[in-house]
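Every number here is computed from the coordinates shown, using simple stated rules; none is lab data. Remember, it's a predicted structure, so these values are computed and weren't measured experimentally. Glycine gets a Cβ as well: all are built from the backbone with ideal geometry, and neighbour counts include every protein chain shown.
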2 protein chains.
Amino acid sequence: MGAALALVGKGRHFASLGIREVTRQAGVVPTSFYRHFRNMDDLGLQLVDELGLVLRRMMREARANVLQSDKLIEESVGIFVAHAQTNRNFFMFMAQGLAGGSRAVQEGIRSEMRFFASELANDLRRLRLMDHLSDEDMNLTCDLVVRTVAFSLTDLLSVSPDDDYQVAQIRKRTARFLQMIFVGAGHWRSDGA
Amino acid sequence: MGAALALVGKGRHFASLGIREVTRQAGVVPTSFYRHFRNMDDLGLQLVDELGLVLRRMMREARANVLQSDKLIEESVGIFVAHAQTNRNFFMFMAQGLAGGSRAVQEGIRSEMRFFASELANDLRRLRLMDHLSDEDMNLTCDLVVRTVAFSLTDLLSVSPDDDYQVAQIRKRTARFLQMIFVGAGHWRSDGA
DNA sequence: TCTTGATGTGTACACTTGTTCACTAATGTG
DNA sequence: CACATTAGTGAACAAGTGTACACATCAAGA
C-alpha cells in the first residue's frame with residue numbers, strides 16, 4: 001500500500017498502476033502481491049479504509065485546537081492544509097478517487113466525505129453555531145463546506161508543497177470561500193427564504 | 001477521440017487507456033494512431049480543446065434561456081444537467097481530469113473552469129446582480145459557484161442518467177447550494193465584513 | 001522441538017503493449 | 001489527368017503484463 005501511494009505521489013494515477021509496478025516499487029516479487037490483495041481494486045479499497053483513519057486523526061486535532069478560538073475557519077483550514085501536506089500522497093489518492101477510479105473506491109471516498117460532513121454538523125450544533133438552521137439545512141451547509149474544502153485540495157496538490165506563497169494563497173482563498181458559505185448559512189431561512 | 005471518450009463512458013479511467021485499446025475501439029489498426037496524435041497525452045489535450053467548445057455551447061444556451069426568468073439558478077442548473085447528460089462522456093472526462101491525469105490535461109481543464117467563472121462574473125455584472133461586490137469578490141463568488149457545480153457533476157455522473165428521481169434530487173441540491181452561496185454573496189461586505 | 005500459518009521467491013506461460021518501417025488506398029488541388 | 005497529401009495497413013520486435021504453481025523462509029505457539 002505504501003508503494004502504491006508512493007507512485008501516486010510521483011504523479012502517476014492510481015487507475016493506471018499495475019500489479020508488477022507496485023510490487024517493483026515495494027521491492028518485492030510480483031507474486032507476493034496476491035498474499036495481501038486480490039487485485040488492484042482490493043488494494044484501493046484498503047487504502048480508502050486507511051484514508052478514513054487519516055481523516056479521523058485530522059478531525060480530532062481540529063477539534064482539540066479550535067475550541068476557544070474565534071478564528072474558527074482560518075484555524076480549521078490551516079489544520080487541513082497542514083495534514084494535506086504531511087499526508088500528501090494519501091490526499092492525492094483521495095482527490096484522484098473522487099471522480100475516477102473503480103466504482104467501489106469512489107463510493108468509499110464519497111462515504112468518507114459524508115461522514116466528515118455529518119461530524120462537522122454535530123460539532124457546529126454542539127458549539128451552538130447556526131442554531132437557526134433545520135437539521136436538513138445544517139447538513140446541506142456542511143456538505144457544501146466539505147465539498148469546497150475537497151476541491152481546494154486539488155488546488156493544493158497541484159502546487160509544490162514548498163511554495164509557501166501559493167500555499168498561503170490557497171489557504172486564504174479557501175477560508176474566504178467558507179466565510180461566504182457561512183454568511184449565506186447565517187442569513188438562511190430554513191422555511192424557504 | 002470518440003473512441004477514447006466511449007471507453008471513458010464505459011467506466012474506464014482516461015489515465016489507464018492505452019493506444020492499442022483506443023485504436024481497437026475505433027476499429028482501426030494501432031499504427032493509425034500516430035497519424036493523429038503523438039501519444040495519449042496529446043489526445044487528452046485535444047479532448048480538452050473540444051471540451052472547451054462544449055462548455056461554450058452550454059454557456060450560450062444558458063444565456064439565451066435565462067435572461068428573463070426570475071428562477072435564474074434553477075434554470076441554469078437545469079441546463080447544466082441537461083448538457084451533462086447529452087455529453088456524458090465528455091463531462092466524465094472532465095471530472096476525471098480535474099484531479100488526476102497528466103499535468104497538462106489537468107491545467108487545461110482548470111483553465112476552462114477559470115474562463116467559465118470569469119464569463120459568469122461578466123454576466124452577473126451585465127445583469128446588475130451583486131452590484132455591491134468588488135471585482136475581486138465577484139470573482140471569488142463565481143469561482144465558488146463553478147467549483148460547486150463541477151463537484152455536483154461528479155454526483156450526477158455517479159448515478160444512472162435514467163434514474164430521474166436521483167437526477168432531480170441532485171439538481172435540487174445543487175440549486176440550493178448555489179442559493180446559499182448567493183445569499184452569502186448578497187450579504188458580503190467587500191471591505192472585510 | 002515440531003508444526004503451522006503467513007509471507008516471500010523463481011520460473012513459466014500466454015498475452016498485451018508501444019513503436020518502427022515500408023507499403024497501399026483514398027482524397028482533393030493544380 | 002497527374003500529383004501530393006492524408007489516412008490506413010500488416011508484419012515485426014523487444015519489453016512489460018497478470019496470473020499459476022511449487023518451493024523456501026521464518027516467527028509463534030504447542
Using a 10 Å cut-off around each Cβ, can you sort A:Ser69, A:Ser16 from fewest to most neighbouring Cβ atoms? A:Ser69, A:Ser16
Got the B:Phe115 label distances to the other copies yet, label 7 Å along Cα→Cβ, in nm, shortest first? 4.0
State log₁₀ I(q)/I(0) for the stretch B:40-99 at q = 0.20, 0.27 Å⁻¹ as given by the Debye formula over alpha-carbon point scatterers of equal weight, solvent excluded. -0.77, -1.10
At a Förster distance of 35 Å, what's the computed FRET efficiency of A:Gln169 paired with A:Leu127, Cβ-Cβ distance as r, to 0.05? 0.80
Among the lysines, which have Cα under 18 Å from the Cα of B:Lys71 when same-chain residues fewer than 8 positions away are ignored? B:Lys172
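For the protein assembly as shown, what is the mean residue ellipticity at 222 nm derived from helices alone (per DSSP H run of n ≥ 4: -39500 (n - 2.57); sum divided by total residues; nearest 500 deg cm²/dmol)?
Taken over the protein assembly as shown, the calculation gives -24500 deg cm²/dmol.
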Mind checking which of A:Phe91, B:Gly9, B:Tyr34 is farthest towards the positive end of the protein assembly as shown's charge dipole, using Cβ charges of +1 (Lys, Arg) and -1 (Asp, Glu) about the Cα centre? B:Tyr34
May I ask for the angle, rounded to the nearest 10°, between helix A:40-66 and the longest principal axis of chain A, with both axes built from Cα atoms and the value confined to 0 to 90°? 30
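Estimate the FRET efficiency between A:Gln85 and B:His187 by the formula 1/(1 + (r/R0)^6), using the beta-carbon distance for r and 35 Å for R0, to the nearest 0.05. Could the numbers behind the result be given before it?
On the way: r = 33 Å, r/R0 = 0.95.
Efficiency, from the Cβ-Cβ distance: 0.60.
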Rule-of-thumb check for the protein assembly as shown: C-alpha Rg over 2.2 N^0.38 Å? 1.01
With one decimal in nm and the nearest listed first, the spacings from A:Gly2 to its own position in the other copies, using label points 7 Å along Cα-to-Cβ, are 4.9
Distances in nm between the label point of A:Glu75 (7 Å along Cα→Cβ) and its equivalents in the other copies, shortest first, are 4.5
So if we plug the beta-carbon distance of A:Val159 and A:Ser118 into 1/(1 + (r/R0)^6) with R0 = 30 Å, what FRET efficiency do we get, rounded to 0.05? 0.50
Backbone HN-Hα couplings from phi across the stretch B:171-186 [Karplus 6.51/-1.76/1.60, Hz, Gly and Pro as x]: 4, 5, 5, 4, 4, 5, 4, 5, 4, 4, 4, 6, 4, x, 5, x
Grab the residue from chain A whose Cβ hugs the A-to-B rotation axis most tightly, plus its distance in whole angstrom. A:Gly184, 1
What percent of all Cα-Cα pairs in the stretch B:2-70 falls into each 10 Å bin, going from 0 up to the bin containing the maximum distance? 18, 40, 21, 14, 6, 1
